[in-house]
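Remarks on the structure that follows.
The values are calculated or read from the model by the stated rules, or taken from the named source; none is laboratory data. Keep in mind that what you see is a predicted model, and the values were worked out from it rather than measured. FYI the Cβ positions are ideal-geometry reconstructions off the backbone, even for glycines, and counts take in every protein chain you see.
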Amino acid sequence: MLPRPYHIRNVCRRILDRRSYAPLLALLLLVLASGFLFSNRRPDELPPLPVLSAESESPASVLRSPGPPTYAKLWAWEQALPQHSLDMPYPEGKEGRYVRYSNMARRLGFNNILNEVLMNTHLSYMSKRAFVFPTYHWALNHYQWPPSQRLEEQPKTPLNAFISGPSAGGLWGEGDNAPRSVSEAWYEVVCPESERRIINTTDVKPQIGAAEGDKIFATWQKLLSEAPERCIDVVPALYEADNFPQVFDLWLWGSPRILSLWDSFSKSPTSTLLQTSPIVEAAVNRNRYLFHPRGPRPPHPAPHDPYKRMLAMHVRRGDYQQACEALADFGSTFYGWNMLPFLPDVFTPLPHGHPDRVERAMEHCSPSLDAILTKVHVARAEYLRASQTKTLDVLYILTNERDEWLEELLAALRKENWGTLVTSHELELDAEQIDVSGAVDMDIARRAAVFIGNGWSSFTSNIVHRRLVEGKIPLSIRFY
Ligand SMILES: *[C@@H]1O[C@H](CO)[C@@H](O)[C@H](O)[C@H]1NC(C)=O
């Protein structure tokens with residue numbers, strides 16, 4: 001096991017050597033930095049590039065109490081979803097049409113998976129097929145419990161612990177006859193191997209190339225809609241041919257080409273019916289007392305709802321520091337929905353060879369304390385000017401950091417008239433809620449009046465998605 005900087009440098013060098021892939025693709029470094037593997041590969045088949053020693057980077061080196069959740073009841077609930085029955089009438093049951101994406105990424109950070117889960121659900125819906133929803137397999141360096149406490153070598157979490165809605169087997173809209181999503185285990189039952197048509201991404205992706213997102217979507221929609229077979233399994237190309245063999249791959253999520261999908265995706269029932277899971281909702285609610293305004297009574301009427309008075313900001317450092325340097329050097333754009341051009345903070349990388357290129361990007365990807373304070377100041381002032389609200393006095397910091405730097409930031413913010421100042425570390429969570437604590441933070445950020453995120457982050461992008469779908473104004477969504 002090698003120390004982290006070695007890995008990062010090594011990975012960067014290998015990636016940076018591949019200039020032919022175009023600069024905007026460098027966002028994958030953030031993914032690499034989280035130690036990913038693809039679903040269909042056994043460890044001994046792993047290509048050299050993604051083998052970061054996940055274990056050595058685990059945040060969980062000490063035993064923690066409570067131990068990991070078993071999710072016994074939630075697994076049973078998922079298994080017993082009503083659509084998991086051969087007797088359901090068409091378009092479900094034994095006559096139904098299904099698509100499984102065996103080419104989905106696994107053991108990646110949850111938010112990279114979530115992007116794919118949502119877009120694949122939308123594609124399946126538009127193709128009139130039931131989406132086969134995956135179980136989340138942890139990137140081991142993100143898992144909260146050390147190896148000695150784990151219930152299994154490769155920890156898994158039911159998708160329904162993170163999200164609710166059609167993507168995870170929930171209902172479509174009233175009167176919508178679309179088939180509900182089913183589990184991977186149910187796919188094995190309802191789609192025996194003999195009835196599956198295999199679609200290998202090798203046979204589709206090279207023809208589409210680096211097309212606009214909507215073109216990629218339309219190509220797959222036609223293929224999945226017109227196929228006469230009831231059951232489809234989309235399988236990945238060989239790693240040597242395509243190291244990101246997803247339908248909507250990282251090259252797309254890291255490029256403005258994704259934006260042509262925003263209109264249809266944001267209005268789709270996949271987006272509008274996406275909901276917070278009950279486990280996450282319960283975690284947010286039980287901690288609500290922390291957010292109650294504690295400052296002086298404001299001079300004008302102020303809402304009682306603490307989220308209407310809240311600014312939430314995502315401060316992630318640690319592994320981001322080095323990833324940011326590589327991204328900056330590479331000239332990477334923002335990630336996914338963070339690139340939407342109507343959002344107030346747009347970032348355009350300086351061209352190759354420009355002397356300030358790295359420095360300029362670092363100012364946004366890994367902002368200094370002063371830059372963060374200025375952003376909080378500006379975001380608050382501009383929002384108050386533009387909105388009906390006159391009070392923004394609750395500050396929530398989403399962070400996995402516990403260092404002196406964070407203490408310094410908190411000390412500086414305490415001088416800025418925030419009556420209530422809370423960080424992720426103060427939340428009281430049970431085992432299941434600890435397991436999905438990233439989603440708990442995301443939900444608080446979704447509710448907050450104003451959100452400041454990191455433009456290169458998929459975590460931020462998924463928060464931006466829900467905020468916009470729920471009608472929050474662009475000026476309430478800021479990036480460093
Ligand atoms: C996809 O096609 C390639 C090229 O024909 C093949 O080598 C690979 O094994 C296929 N993938 C799967 C999962 O069957």
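Things worth noting here:
- Residues of the range 350-394 that are within 17 Å of L406 (Cα to Cα), free of Cβ contacts under 8 Å to residues at least 60 places away in the same chain and not charged (D, E, K, R): S366, S368, L369, L373, T374.
- The range 120-149, subset of a type outside the set (F, W, Y) and touching a Gly at 6+ places or on another chain (Cβ under 9 Å), residue surrounded by the fewest Cβ atoms within 10 Å (Cβ to Cβ): Q149
- Filter result for L224 (touching a strand residue (DSSP E or B) at 6+ places or on another chain (Cβ under 7 Å), in a helix (DSSP H, G or I) and not β-branched (V, I, T)): yes
- The listed residue being touching a Gly at 6+ places or on another chain (Cβ under 8 Å) and either farther than 23 Å from L413 by Cα or of a type in the set (V, I, T) (or both), out of N285, N338: N338
- Of everything in the range 173-201 that is of a type in the set (G, A, S) and surrounded by fewer than 16 Cβ atoms within 10 Å (Cβ to Cβ), the residue that is nearest to the ligand (Cβ to nearest atom) is S194.
- Close contacts from the range 73-93, counting a first residue that is within 18 Å of N160 (Cβ to Cβ) and surrounded by 12 or more Cβ atoms within 10 Å (Cβ to Cβ) and a second that is aromatic (F, W, Y) and modelled with pLDDT of 95 or more, with Cβ to Cβ under 7 Å and a gap of 6+ residues or different chains, come to H84/W186.
- Single unsatisfied condition, V247 versus (1) within 16 Å of the ligand (Cβ to nearest atom); (2) in a loop (DSSP other than H, G, I, E, B); (3) more than 29 Å from K472 (Cβ to Cβ): (3)
- Residues within the range 82-106 that are under 30 Å from A139 (Cβ atoms), among the aliphatic types (A, V, I, L, M) and more than 16 Å from the ligand (Cβ to nearest atom), tallied: 0
- First in the range 444-467 and more than 13 Å from L398 (Cβ to Cβ), second anywhere and part of a loop (DSSP other than H, G, I, E, B), Cβ under 6 Å, 6 or more apart: G455/F334; G455/F347; W456/Y335; S458/Y335; S461/Y335
- Pairs meeting the criteria (first residue in the range 104-124 and assigned to a strand (DSSP E or B), second residue modelled with pLDDT of 95 or more, beta carbons under 8 Å, at least 6 apart or on different chains) are A105/I113; A105/E116; A105/Q246; R106/I113; R106/P134; R106/H137.
- Conditions (1) in contact with a Leu (Cβ under 7 Å, 6 or more places away or on another chain); (2) at pLDDT below 95; number of the one not met by N243: (1)
Let's see how each residue does on (1) over 25 Å from the mean Cα position of the chain (by Cα); (2) within 16 Å of the ligand (Cβ to nearest atom):
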position	(1), (2)
E152	no, no
N160	no, no
L171	no, no
D203	yes, yes
Q207	yes, yes
I216	no, no
R230	yes, no
D233	no, yes
I258	no, no
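- Only one of S264, S260 that is at pLDDT 95 or above and touching a helix residue (DSSP H, G or I) at 6+ places or on another chain (Cβ under 7 Å): S260
- Residues of the range 237-287 satisfying the condition of being in contact with a strand residue (DSSP E or B) (Cβ under 7 Å, 6 or more places away or on another chain) and closer than 30 Å to D203 by Cβ: A237, Q246, V247
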